[in-house]
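This report concerns only the one structure given below.
The values are calculated or read from the model by the stated rules, or taken from the named source; none is laboratory data. Note that the structure is predicted; figures quoted are calculated from it, not measured. Virtual Cβ from ideal backbone geometry, glycine too; neighbours counted across all protein chains shown. Protein only, heavy atoms only, side chains kept; ligands, DNA and RNA dropped before computing areas. Shrake-Rupley method; radii C 1.70, N 1.55, O 1.52, S 1.80 Å.
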Amino acid sequence: MNTGTQRIVIISGSFGAGHDIVAIRLAELWRRNRHHVMIVDYLDALPGLVRRILRWAYPAVMNQCPGLFGYLYKACERKRSWMMRTLRLLQWMAQSQTLEWSQEADQVVSVFPLATQAVGHARVRGLLSSVTATVITDPYPHSLWWHKGIDR
């Protein structure tokens with residue numbers, strides 16, 4: 001890895017504020033060390049209608065029916081579940097924008113599990129040569145936080 005100035009892309013997710021806060025703090029630390037950092041929102045890589053639905057649905061589910069969130073969370077652990085098929089579809093929808101953000105970066109850092117999957121998938125397919133990393137922001141991380149294409 002180059003020890004000089006790095007171009008770092010941090011991919012966050014604007015569900016709540018937790019992922020964004022971690023992204024902002026990492027960017028502050030790296031900028032202090034003279035690295036060039038860009039923070040992007042994974043949801044911005046999705047088509048407009050999908051993005052609006054997800055931004056509406058997340059707080060609605062969390063506030064009105066948190067038991068449903070637990071069900072969805074558990075469904076992420078089953079590789080052949082309808083939830084995982086849906087997440088793969090979202091990954092496909094976001095792929096070109098995710099790659100566009102990442103192409104010139106020395107490092108691509110995900111602080112959002114769906115971004116981790118997209119970046120890892122691109123790396124495994126040979127579409128991304130940057131060093132990849134995930135910073136886990138959840139106290140009880142699920143399997144979406146890991147991908148064999150993530151270096152760190």
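Quick notes
- Counting only Cα atoms, the size of the range 16-60 along its three principal axes is 38, 20, 6 Å, in decreasing order.
- Within the range 32-93, the ratio Rg/Rh, alpha carbon atoms throughout and Rh by Kirkwood, equals 1.10.
- Kirkwood radius and radius of gyration were both taken over the C-alpha atoms of the chain, and their ratio Rg/Rh is 0.96.
- With a Förster radius of 22 Å applied to the beta-carbon distance between residue 104 and residue 25, the computed FRET efficiency rounds to 0.40.
- Top positive-direction residue, dipole computed over the chain with Cβ charges, set 73, 59, 18: 73
- Contact order relative to length of the range 1-87, as percent, for alpha carbon pairs under 8 angstrom and 6 or more apart: 24
- For a label point 7 Å along the Cα-to-beta-carbon line of residue 140, residues of the range 47-83 with backbone N under 14 Å: 66-77
- Heavy-atom accessible area ranking, 1.4 Å probe, most first, across 62, 84: 62, 84
- Highest mean packing first, where packing is the average number of other Cβ atoms within 10 Å per residue, the peptides 97-107, 140-150, 111-121 line up as 111-121, 97-107, 140-150.
- Amide N of the range 37-55 lying under 17 Å from the label point, which is placed 7 angstrom from the Cα of residue 62 along Cα→Cβ: 41-44, 51-55
- Sorted largest first by accessible area at a 1.4 angstrom probe radius, with every protein chain in place, the residues 80, 34, 85, 55 fall in the order 80, 34, 85, 55.
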